[in-house]
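Please read the structure below before turning to the comments.
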Amino acid sequence: MGSDNAESADGGRRQPTMADIAAHLGVSRQLVSLVLRDAPGASEETRRRVREAARQLGFSPHVGARSLRRARSADLGVIFAPAHSTELEIVEHIYPAAAARGYDVILSAQTATRSTNQAVEELLGHRCAAVIVIGSNLDHAGLRAVSRRSPVPVVDVGYGKRNAYYDVVRSSGDKGIAGVVTYLAELGHERIAFVDPAAMPAAVLRRRGYDQEINRLGLAADVLSPAGDYTRGDYFEEAGSAAARTLLRRATLPSAVVVPNDHAAVGVLQILVRNGVRVPEDISVTGFDDAPIARLSSVDLTTVRQDPELMGVAAVEAAIRRVKEPDLKPGETVVETFLVVRGSTAEPRF
């Protein structure tokens, strides 16, 4: 039998191979390969011995080589922005959804120094079966260009509507925001402001929900549009902080402010509270997403929840549907939202 330790020619440690397992057991490499591929032709006792030896030697299969041997890729490429916590939650649920369908996940990050296009090129280089893009800062024209050059299906998670180029998975952001406005109005609020972080991809849809409901209720619209760069990690918090500073310069505050992102809502909360404004006694504040920060007892934010598990599962299903039936037209999946009432909202004092 061979040594338990795999060494390189210069005596250093190296990654064990199937040949090392074969030498360790005194069997052929072909038999080891057969067992590790779960192919028929080996006894249960042989399988047990091979797997135990692989564990003892620290053997890990070469995933890249295995992918190249497949007739069809079983990898789903996922692009996300690490700075945005909601996207991380969606990614968390993509993993089990993909595994349940027999697919692996390859991640590629979009950051302030790395564009969506760069992330796409990386995943295409890995020969992924489909590409899922979460929260990209690309508009429809940009996503259309990505889908045109991609030889595999593209799924956009976050915003957009049905089109002929890529699948769309989004939450019902307009209905969610409209529901928040209705809830505040039912509490008695009539002066309801809206923070519109225009650089956010889903901003147009969520602003539409605010405008429509404010008009339906016969209230006066009050929109604050802070500038900023969506690709920056601090974009949402700073957008909220800028909006709050604008409010503080006014002679009178609105009785409520609707913010279409939880991190931006926390930015609003922090600046208001630091300047002596009580929430919810002096002003009610709401968010959107139900991100982890909204659930903290110190924040206790009333918000709109878009279920990250439903979003992740829907993205995987959309991708695999197009992989298995390439002639299908791209579709649109809308995940419903619901209101989560916490301690940042109350009836107006005046």
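The values are calculated or read from the model by the stated rules, or taken from the named source; none is laboratory data. Values in this document were obtained by computation on a predicted structure and should not be read as measured data. Positions of Cβ are generated from backbone atoms using ideal geometry, with glycine treated the same way; all protein chains shown enter the neighbour counts. The protein model used for the area step is the full one, side chains on, heavy atoms only, and it has no ligands, DNA or RNA in it. Shrake-Rupley method; radii C 1.70, N 1.55, O 1.52, S 1.80 Å.
Data table
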quantity	calculated
Criterion (part of a helix (DSSP H, G or I) and more than 20 Å from Val168 (Cα to Cα)) met by exactly one of Gly240, Gly312	Gly240
Tally, over the stretch 106-144, of residues that are open to solvent by 10 Å² or more (accessible area, probe 1.4 Å), assigned to a strand (DSSP E or B) and in contact with a helix residue (DSSP H, G or I) (Cβ under 8 Å, 6 or more places away or on another chain)	3
Some residue of the stretch 226-244 being at pLDDT 95 or above and surrounded by fewer than 17 Cβ atoms within 10 Å (Cβ to Cβ)	no
Residue check, Val180 part of a strand (DSSP E or B), surrounded by 17 or more Cβ atoms within 10 Å (Cβ to Cβ) and of a type outside the set (Gly, Ala, Ser)	no
Only listed residue being outside the structural domain of Tyr235 (by the TED database) and more than 16 Å from Ala346 (Cβ to Cβ), chosen from Gly312, Gly276, Gly267	Gly312
Residue identified as over 25 Å from Arg207 (Cα atoms) and open to solvent by less than 30 Å² (accessible area, probe 1.4 Å) among Ala318, Ala264	Ala318
Any chance Asp196 is within 28 Å of the chain's Cα centre (by Cα) and open to solvent by 50 Å² or more (accessible area, probe 1.4 Å)	no
Residue satisfying condition, being touching a residue at least 12 places away in the same chain (Cβ under 8 Å), over 16 Å from His84 (Cα atoms) and in a loop (DSSP other than H, G, I, E, B), within set Ser344, Ser297	Ser344
Enumeration of residues in the stretch 197-212 that are over 13 Å from Phe288 (Cα atoms), in a helix (DSSP H, G or I) and in contact (Cβ under 8 Å) with a residue 12 or more places away in the chain	Val204, Arg208, Gln212
Residue list for the stretch 217-262, restricted to those being of a type in the set (D, E, K, R) and under 19 Å from the mean Cα position of the chain (by Cα)	Asp229, Arg232, Asp234, Glu237, Asp262
In the stretch 282-308, the residues that are polar (S, T, N, Q) and in contact with a strand residue (DSSP E or B) (Cβ under 7 Å, 6 or more places away or on another chain)	Ser284, Thr286, Thr302, Thr303, Gln306
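Yes/no matrix, rows are residues, columns are (1) at pLDDT below 95; (2) farther than 21 Å from Gly209 by Cα:
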{"residue": "Arg278", "(1), (2)": "no, yes"}
{"residue": "Ser284", "(1), (2)": "no, no"}
{"residue": "Gln306", "(1), (2)": "yes, no"}
{"residue": "Arg321", "(1), (2)": "no, yes"}
{"residue": "Arg349", "(1), (2)": "yes, yes"}
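Okay, residues lined up against (1) assigned to a helix (DSSP H, G or I); (2) modelled with pLDDT under 75:
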position: Asn5; (1), (2): no, yes
position: Val27; (1), (2): no, no
position: Ala42; (1), (2): no, no
position: Ala53; (1), (2): yes, no
